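First comes the structure, then the notes that go with it.
The values are calculated or read from the model by the stated rules, or taken from the named source; none is laboratory data. Predicted model only: the values in this text are computed from it and were never measured. Here the Cβ is made from the backbone with ideal geometry for all residues, glycine too, and neighbour counts use every protein chain on show. Please note that ligands, DNA and RNA were not included when accessible areas were found on the heavy atoms of the full protein model with its side chains. Shrake-Rupley method; radii C 1.70, N 1.55, O 1.52, S 1.80 Å.
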Amino acid sequence: MNKTGIYFMIAGVAVVIIGAMFFQNLHTLNAVQSTDSTVNLNGIRSFAWPRFIGIVLFVIGLITVITPKHEPGHRY
């Protein structure tokens with residue numbers, strides 16, 4: 001399970017880096033409102049999904065790495 005957790009963590013970091021490169025222009029000024037908020041100009045691309053999924057993968061890998069191994073003869 002530790003190798004799987006490490007693979008998840010590596011994949012999470014890779015997805016975060018790739019997501020940071022492709023999803024850069026998310027904060028644009030809204031011409032209608034007076035507040036400095038994000039406009040939903042790109043539809044689904046207005047939320048940084050790759051960055052979010054990368055963080056989720058990294059956390060899953062971290063949890064997998066820090067959990068104790070199953071010992072035979074014990075009930076969990």
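Heavy-atom accessible area for Leu57, with the other protein chains in place and a 1.4 Å probe, reaches approximately 40 Å².
Computed over protein heavy atoms with a 1.4 angstrom probe, the accessible surface ordering of Phe8, Phe22, Phe52, largest first, is Phe22, Phe52, Phe8. Placing a label point 7 Å from the Cα of Val13 along the Cα-to-Cβ direction, the residues of segment 59-74 with a backbone N closer than 15 Å are 59-63, 65.
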